[in-house]
Every structure is written in C-alpha cells, then in structure tokens.
Amino acid sequence: MTVQDSAVAERPDSVESTIAHNSGGLYIGGEWTSRSAAATTPLVAPATEQVYAHAVIPTIADADAAVAAARRAFETGTWRTTPVAERVSIINRACGLIAQRAGVIAEIAAHEMGAPVQVTRMMTGVVLDVVRGMGELARSVPDVEPGTGLWDFEIQRDPAGVVVDIVPWNSPFTATMMKSAQALLAGCSVISKPPPTAPFAVVEWARALELAGLPKGVYSVLAADPSVAEHLVAHPAVDLVVFTGGTGVGRRVAELCGRNLKRVVLELGGKSAAVVLDDADLQLAVDSVAASVYFNSGQICSALSRLVIPAHAVDDVVEMLRVKANSVIVGDPLADTTTMGPMATREHHQRVLQRVHEGREEGGRLVYGGERPPEPAQGWYVTPTLFVGDNSMSIAREEIFGPVVTILPYDHVDEAIAIANDSPYGLGGSVFSRDDERARAVAARLDTGSVTINGYTTNLLAPRDPHKDSGIGSVTGTAGYQNFRTSRLVNLRAGGRAWRPTELFADAE
C-alpha cells in the first residue's frame, strides 16, 4: 500500500467524522487550521433547521496568509513551470479520490445546502468527467502560438498568477471543482472561497488535491464572509478574480477589481426563456423546463424559468406541467427517493415565498404551489410553483432562484423572440421546434450566451460568454482556459509593409 493509499484508507467514512476531520473547513496554503484554534460559527441544516456542525470563521489575517502562500508558491514554487501533462495527472488523481468519496460528499451537501443525495452524486459524476475533459483540453492548447503578417510573431502564454475563485451557495462543491481545476491546469495558484454556510464538501476537494500530490501552498480554501471576501478581491497580490453568483454582488466584485484594473471573470444571474414554437413537441418542452426548474430546487442560474408558448397551447401545457410537478418528491435530501430538497438558506426560503406573494399581487395567475408543504414538518421547503402572466411582472423579469415557472403566452414568433429578449439577463435559453432549421433561425435572434435546441443542457467543455447582466467572460472551453493565462506578443521579424521607424534614423551612407 502506498502512502497515498494509506492516507485514503484512514479517512473517515461518515459525515460526522468527516466534518470533524476537516478542521472546521479552513485550509490555508497546505495547512489545516484546527477548530479549537479559531472562532467558529454554527451551521444549520436546511432540511432540519438544526445545527449539525461548527465551522471556523476566516479572518482578514487568514485571507492575507492564504494570499501570501499563493503568491510565494506562484513566484518561487514549481507549479507554474510543471509540464502540463504532470498537472493533468495530479488533477486526474484528485478526481479519482473524489470518485471514491462521492457518497460521503453527497451526504455532506445534503447537510450543507439541502441537495438530494442522488442529485449530488449525479452532478459529481458529471463534473468529474468535465474536469478530466479540461485536462485533455489543456494538453491540446499550446503555450506558444506562431503567426505571420506584416511581422512574423508569436504569442506566448503564461499562468495568470494568483486566482481568487468565489463560488455560490447553490452548488459550491461542483463549481469549485470545475473552476479551480481549470485554474490549476493553467499553472495558477488558487484560493477558493465557498460560502460560509457550506465549507465542508469543498474541503474534500482540497484534501484530494493534497493527497494527489499538489505542491504545498498552491491551493487554499476560505469560507469567508462578505467583508473578508472583499478583502481578498481587493488584495493587491491577487491577479485574477473569478466570481459566480448574483448580479448585485457581481457588480461589487467588478467595482473592486476595477480600482486596480484587476482581471475579472463574472458568471452571474439568469432568467432564461424556453421559446416553444407552434410546431414543437410540447411534451419534450415541458419535460425540459421541469427538469431545469425542479433540479436543485430551482437554485440554478440557467433554469428555464420563463416558458414562452403559443397562447392556444397554454391550457395543455399547464396540465402537462401539473403532472410533472405532482411527480416531484419533496422531502429529506438524505433519502434516495427524494428528487427535490429545501432551499439552501432560511433567508432565501423567505425570499422565494415573497416573490410568489409579489407575483399574486401583480395579477399573475397562480396555478399551483407557491407555499411551504405540510410535510416535512421542518425545513425550508417550497412546493413546485406555476404562474401564468406577462413579461411586465417581476416574477418574469427577476431571478427567483426557486422552483417557480412563469408561462408567458404569445401570438406570433416575433412576439416570442421579443419576450425572450426583453430581460436584463442573457445567460441561457432553449428553442423547441420539430423543424431544426427554423429553431436555429430563432436561436440566432436570441440575445443570450447559450441556446439549446430541443432540450435543456449545456456543454460544460465549450465556452459560454454571458450577455447583458449575466456576466463577463467564460470559465469553460478553450476561451475559459485562456482566461486563466496571460499573453505576450513577441515580434520576431519585420516584413512586407511593416512600420520600421529604425530606417528613418539609419546612418547615411
């Protein structure tokens, strides 16, 4: 048995012992901070409303220590110069360790943010495949790109430096894995900042990287509160901030980065439309919308929460969606049969119910749901919810981030496109039609960074550049990988009609 295998064998296999083993969720530059050495905060399980653990509260000093370790590892360590093939091997070994721990991680996520264990297990498998695919992509992207023109030149690529990776509370573990892996593959040092309410699953990734052989200091995890997070974002030794979360906070992150002209990538909110054309397969459209909005309790930025359908089809679609809603099993996220758990936080639970109340006040027709179910007796649950309304309502324009669909009827296709585009967001969307060419023509007119034809999915290995208030830049695909690198233009030889001012000052013969 190798040292690594022995370390894995000694790791606890229950949620309680794993949380205790993870030192309060604080990992700085390769060192684990003991719970007894720092102030802690209680964590409440969304499904039970009971305290299940205590996490370390990161301080400004912790943030400074993490940045210093990352800076030191980047400038004096070997990670940035490690061959890409070796980086890929380490990330792949970490993925293998995570695969072994997928069951425990799913249970931790159920405690932290109420995600059903079957949802987390599925998403962990998907993200492991994506991260391995990122490694193959990194192998294929050259560090030097030659070019010719008025000058012969080359573009040299280097790691961006110290990266702060801020992830949201709706998918902290999988989002951290994808973004930090992309940055690490590019040769950066990374500080991941999960939400204070959900530190422990992310720490499993830190342990996996450590056991896989990632050099000490290259990676840190701080589940910091907003004040410490702002300190991290504004820190002069941080080169790049990658933020996924709400649009309001994203603007604040951009403002802080702008003060020092710091590079930033933002993936923010969404209010995606499913545009259903009059020749579409209605069942396919309904299945896709339900899958997107009921998945993870609707706490997903790309959910198809606006269903734009022909006016004549409203009654049929309402009944089809009712059948889908009735098939949703709302309950204990630790149960394998549960398909929808609670909202991740008490505050968000109240916010979703308030949005439903506003929708009714604005005149929206509440078809079903919009309330806390009678069972389970505890927990921040919301039943699947359906409104019929128009695009002027806040429920159709503002991100609810819950299991709420709003049907928006239209009479002609130009009106459908106008409704879909009449939104401050431009993250994703779908078009449904039996005529693929017609669907693609409509998709081309949608002002959004991603469109799916006849389904709900997204290619996590392809670049996705959000539009409007949904963000700036990509963290996926080749474009995403290059966002974690800097470029240098090296002019090699002038030719053709190149500008050569040296000739003006050449010695006269």
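Below, the figures for the structure above:
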quantity	calculated
Residues of the stretch 341-371 satisfying the condition of being over 27 Å from the mean Cα position of the chain (by Cα) and either basic (K, R) or not in a loop (DSSP other than H, G, I, E, B) (or both)	H357, E358, G359, R360, E361, R365, L366, V367, Y368
Odd one out for E255, checked against (1) surrounded by 15 or more Cβ atoms within 10 Å (Cβ to Cβ); (2) at pLDDT 95 or above	(1)
Residue identified as assigned to a helix (DSSP H, G or I) and either over 29 Å from L268 (Cβ atoms) or under 19 Å from the mean Cα position of the chain (by Cα) (or both) among D129, D152	D129
Strands (runs of 3 or more DSSP E) fully within the stretch 164-256 counting 2 or more residues that are touching a strand residue (DSSP E or B) at 6+ places or on another chain (Cβ under 9 Å) and farther than 21 Å from A65 by Cβ	240-244
Residue under evaluation L240, criteria (1) modelled with pLDDT under 95; (2) within 18 Å of the chain's Cα centre (by Cα); (3) more than 26 Å from L353 (Cα to Cα), criterion not met	(1)
Within the stretch 467-507, tally of residues that are modelled with pLDDT of 95 or more and under 28 Å from R438 (Cβ atoms)	3
Conditions (1) modelled with pLDDT of 95 or more; (2) more than 17 Å from the chain's Cα centre (by Cα); number of the one not met by I191	(2)
First in the stretch 460-472 and under 15 Å from E398 (Cα atoms), second anywhere and of a type in the set (D, E, K, R) and assigned to a strand (DSSP E or B), Cβ under 8 Å, 6 or more apart	S470/E267
The stretch 372-404, subset of a type outside the set (G, A, S) and not in a loop (DSSP other than H, G, I, E, B), residue nearest to L321 (Cα to Cα)	L386
Matching entry among A115, A99, A109 (being under 23 Å from the mean Cα position of the chain (by Cα) and part of a loop (DSSP other than H, G, I, E, B))	A115
Options S423, S470, S487; residue that is in contact with a Leu (Cβ under 7 Å, 6 or more places away or on another chain) and among the small types (G, A, S)	S470
Options A65, A110, A45; residue that is in the same structural domain as T176 (by TED's automatic domain parsing) and crowded, with 22+ Cβ neighbours inside 10 Å	A110
Residue check for T458: modelled with pLDDT under 95, closer than 30 Å to K179 by Cα and not hydrophobic (A, V, I, L, M, F, W, C)	yes
Counted residues, the stretch 405-447 - those being over 29 Å from W169 (Cα atoms) and part of a helix (DSSP H, G or I)	15
Breaking point among (1) within 27 Å of the chain's Cα centre (by Cα); (2) over 30 Å from R251 (Cα atoms), for Q283	(1)
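This table checks each residue for (1) surrounded by fewer than 21 Cβ atoms within 10 Å (Cβ to Cβ); (2) on the phi > 0 side of the Ramachandran plot.
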site	(1), (2)
D279	yes, no
L282	yes, no
S288	no, no
S292	no, no
N296	no, yes
Q299	no, no
A303	no, no
R306	no, no
I309	no, no
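Residue-wise test of (1) buried (at least 23 other Cβ atoms within 10 Å of the Cβ); (2) among the hydroxyl-bearing types (S, T, Y); (3) in the same structural domain as G341 (by TED's automatic domain parsing).
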| residue | (1), (2), (3) |
| --- | --- |
| A138 | no, no, no |
| E145 | no, no, no |
| G149 | no, no, no |
| F153 | no, no, no |
| A160 | no, no, no |
| V164 | yes, no, no |
| F173 | yes, no, no |
| T176 | yes, yes, no |
| A183 | yes, no, no |
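The values are calculated or read from the model by the stated rules, or taken from the named source; none is laboratory data. Note that this is a predicted model, so its numbers are computed, not measured. Heads up, the Cβs are rebuilt from the backbone with ideal geometry, glycines too, and the neighbour counts pull from every protein chain shown.
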